[in-house]
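J.: To start, I am sharing the structure in question, which I have written as structure tokens.
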Amino acid sequence: MYDAIIAPFVEFSFMRRALVGCLALSLGATPIGVFLTLRRMSLTGDAMAHAILPGAALGYLVAGLSLGAMTLGGVIAGVTVALLSGLVARTTVAREDSSLAAFYLISLAVGVVIVSTRGSNVDLLHILFGTVLALNDAAIFLVAGIATVTLFGLAFIYRPLVMECFDPGFLRSVSSLSPVAHYSFLVLAVLNLVGGFHALGTLMAVGIMILPAAAARFWTRDVTPLLAIGMTAAFLGGFVGLLLSYHASLPSGPAIILTAGVFYLFSLTFGPDGVIMTRLRSHHHLEA
Amino acid sequence: MDSTILQFVNLTLGYDRHPAVHHLDYAIRAGALVAVVGPNGAGKSTLLKGTVGSLTPLGGEIRLTGIEVSDIAYLPQQSEIDQGFPISVFDMVAMGLWRKTRAFRRFGREGYRKIGEALDTVGLSGFEKRPIGTLSGGQMQRALFARLLLQDARLILLDEPFTSIDSATVRDLKGLIRRWHEERRTVVAVLHDLDQVRTEFPETLLLAREQIAAGPTEHVLSPANLDQARRLTEAFDEGAAVCER
């Protein structure tokens, strides 16, 4: 038991670092994912993850495998795409989903072109699939820093953000904080995707955001427990996923996301609002 | 005499340069209880949207006296509420306290008391913990009125508040409007049921893109006026010339 579960983390510092990285991601990225799912923007995370690519690639082109340059580039690219698509949606007939799709596709194409002019395919794979088992100090501080900023940021905009998700018309009628809540949330989402891509890669970073959040929805009907369940599930997914990748020699990022995926399927099936419980309940209706 | 709280001055509101409300001049006194009546497409909802600032006038202006736009309580015809959102009736109604609590302040004992009272007033005591997704249409409308109640606003705008609601609920909600009137609040409601307007609303604005008539309800709702309102053409004229008025 000890050998299987604890020993890998005691013996290998890269496993400990990876675990700390996962903890930070589940504290930061997953609450963002909860609000993304609540706002029916689950796929927006995916789109934004692609939008980050040219910035990260440009950072890589200018400064090599530099954490700072790639982070800065990614954040700038992500925020630009988010703001542009929001602006287009608010000032023209286009809806936010179509303008976001347009801008992220342009961004992604630019990113791939940049990567192909200089780097080899190995570099592209590096960006796409991440390096959770090779997190250095700087990367851990970055991911932990982003988690900290996210938690404080969410606490700061929590009430308006919930109102913005639930009844944006009402928030606009009583306060001018609606755009503040919306755009700060998008910036936090971009930050977390950038943090996630250092650890898990752009493709897998979205997984740790959305899967635990989507799974939590089958267990509760209130926002606060949704956040708690999502974060716990995300961390457990990281823990189990790392062990899985260690013992079965699987790539760590996909192993973590697959674990979260298994939890999602379990919740979908057995959660109180999942498939089975909903069926069972409907056979026993109440008196009043 | 009471002072004016809301005034439309040569106001034109519309979409894509086509007017939905055309050159409207009308003043509403503080404490008035006004029905806005007219056929579909007459610009009634547009007028309320313009008043709360979600639509910019094409011409003229809307003057508020003694209050800010954010002090208006507004019940839209189709709210943007996400019925599937995991939130309780209590939390939804509590949003009405925004002006006091803002983003950070606690509800406090006073706040909890007021929320309880509001739920009680609309007959939703015991529904506090229910997810809003489980409410019926009428219960949802009651909850929305509880939220309006908590907003404690001096100007309340209601856009077809009684559509598709049973008579008991309508009776209760009309009682609330009467109470607001007694408390000297200004209530402006868009309505279709002319009998309701005749019995509950002393003042009426009859709109058919342009103002047809306005003033004491029994004069405004004359057969001649109603007939004139009915003749409004709903479609925008694509070839319309620029209005020179």
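Each reported figure results from applying straightforward, stated rules to the coordinates on display, with no laboratory input. Predicted model only: the values in this text are computed from it and were never measured. Note: ideal-geometry Cβ built from the backbone for every residue, glycine included; neighbour counts use all protein chains shown.
J.: With +1 assigned to the C-beta of every Lys and Arg and -1 to the C-beta of every Asp and Glu, and no other charges, what is the dipole magnitude of the protein assembly as shown about the Cα centre in debye, to the nearest 20?
T.: Working: 42 positive and 43 negative charges, 178 e Å.
For this selection, approximately 860 debye.
J.: Now for a separate question. In nm, to one decimal, how far is the modelled label at B:Thr134 from the one at A:Arg16, with both set 7 Å along Cα→Cβ?
T.: The answer from the label model is 4.8 nm.
J.: How about B:Lys44: which lysines have a C-alpha closer than 23 Å to its C-alpha, ignoring those fewer than 8 places off in the same chain?
T.: Reachable lysines: B:Lys174.
J.: While we're looking at this one, here's another question. Between B:Thr56 and A:Val180, what is the spin-label point distance in nm, taking each point 7 Å from the Cα along the Cα→C-beta axis?
T.: The answer from the label model is 2.2 nm.
J.: With only alpha-carbon pairs counted, each pair once and no self-pairs, how large is the Kirkwood hydrodynamic radius of region B:1-129 in angstroms? Mind showing how you got there, number by number?
T.: On the way: mean 1/r = 0.0575 Å⁻¹.
Roughly 17.4 Å, rounded to one decimal.
J.: Is region A:146-227 rounded, prolate or oblate when judged by the Cα gyration tensor, a ≥ b ≥ c being the square roots of its eigenvalues, rounded requiring a/c under 1.5 and prolate requiring a/b larger than b/c? Before the final figure, lay out each step's value.
T.: On the way: a/c = 2.34, a/b = 1.42, b/c = 1.64.
It is oblate, given that a/c is not under 1.5 and a/b is not larger than b/c.
J.: Using 1/(1 + (r/R0)^6) with R0 = 22 angstrom and r between the beta carbons of A:His284 and A:Asp222, what's the FRET efficiency to the nearest 0.05? Don't jump to the answer; show the numbers that get you there.
T.: Numbers: r = 24 Å, r/R0 = 1.07.
Given R0 = 22 Å and the Cβ-Cβ separation, E is 0.40.
J.: Let me ask something else about it. Could you please state, rounded to a whole Å, how far the C-alpha centre of region A:7-69 is from the C-alpha centre of region A:215-280?
T.: 18
J.: What FRET efficiency, computed as 1/(1 + (r/R0)^6) with R0 = 35 Å and r the Cβ-Cβ distance, is obtained for A:Leu151 and B:Asp16, rounded to the nearest 0.05?
T.: Numbers: r = 45 Å, r/R0 = 1.27.
About 0.20, to the nearest 0.05.
J.: Taking just the alpha-carbon atoms of region B:81-153, what radius of gyration and Dmax come out, in angstrom?
T.: 11.4, 31
J.: Once the principal axes of the Cα atoms of region B:128-186 are found, what is the range along each, listed largest first in whole angstroms?
T.: Here the Cα extents, ordered largest to smallest, are 35, 24, 17 Å.
J.: Using r as the Cβ-Cβ distance of B:Glu182 and B:Val9, and R0 as 25 Å, what FRET efficiency do you calculate, to the nearest 0.05? Before the final figure, lay out the partial values.
T.: Numbers: r = 30 Å, r/R0 = 1.18.
That pair, B:Glu182 with B:Val9, gives E of 0.25.
J.: 222 nm [θ] for chain B, helices only, -39500 (n - 2.57) per DSSP H run of 4+, per residue, to 500?
T.: On the way: 9 runs with 82 residues, N = 245.
The per-residue figure over chain B is -9500 deg cm²/dmol.
J.: Could I ask something else about it? Suppose every K and R has +1 on its Cβ and every D and E has -1 on its Cβ; what is the size of the dipole of chain A about the Cα centre, in Debye to the nearest 20? Each step should come with its number before you reach the end.
T.: Details: 13 positive and 12 negative charges, 73 e Å.
So the magnitude is around 340 debye.
J.: If each DSSP helix of 4+ residues adds -39,500 (n - 2.57) and the sum is divided by the residues in chain A, what number results at 222 nm, nearest 500 deg cm²/dmol? Write out the running numbers ahead of the final one.
T.: Working: 15 runs with 241 residues, N = 288.
My calculation for chain A gives -28000 deg cm²/dmol from helical runs alone.
J.: Quick check: net charge around A:Glu164, other residues with Cβ under 12 Å of its Cβ, Lys/Arg +1 and Asp/Glu -1? Write out the running numbers ahead of the final one.
T.: On the way: positive: A:Arg39, A:Arg159, A:Arg172; negative: A:Asp167, B:Glu80, B:Asp82.
Local charge sum for A:Glu164: 0.
J.: Related question: Students often get this wrong: which residues of region A:62-95 have the backbone nitrogen under 19 Å from the point 7 angstrom along Cα-to-C-beta of A:Ala102?
T.: Output list for this probe position: A:78-95.
J.: Regarding the protein assembly as shown, what's the average projected area of the Cα-atom convex hull, expressed in nm²?
T.: Details: hull surface 125.5 nm².
For the Cα atoms of the protein assembly as shown, the hull's average projected area reads 31.4 nm².
J.: For B:Lys114, go through the lysines and keep the ones whose alpha-carbon is under 16 Å away, minus same-chain ones fewer than eight residues off.
T.: Cα-Cα hits under 16 Å: B:Lys100.
J.: What does the extension gain come out to for B:Asp71 and B:Ser164, with contour length at 0.36 nm per residue minus their alpha carbon separation?
T.: Numbers: separation 93, 0.36 × 93 = 33.48 nm, distance 2.79 nm.
Full-extension gain reported as 30.7 nm.
J.: When DSSP assigns beta bridges and you keep just the ones with both residues in the protein assembly as shown, what percent turn out antiparallel, to the nearest 5? Present the calculation step by step, with values, prior to reporting the outcome.
T.: On the way: 20 of 37 bridges.
Counting only bridges with both partners in the protein assembly as shown, antiparallel ones make up about 55 percent.
J.: According to a simple spin-label model (label point 7 Å from Cα along Cα-to-Cβ), what is the distance in nm between B:Glu238 and B:Asp25?
T.: 3.5
J.: In whole Å, what is the distance between the alpha-carbon centres of region B:1-22 and region B:178-211?
T.: 17
J.: Can you give the Rg/Rh ratio of region A:2-282, where Rg is from the C-alpha atoms and Rh is the Kirkwood radius? Provide the component values of the computation, followed by the final result.
T.: Numbers: Rg = 18.9 Å, Rh = 19.2 Å.
With Rh from the inverse mean 1/r over Cα pairs, Rg/Rh is 0.98.
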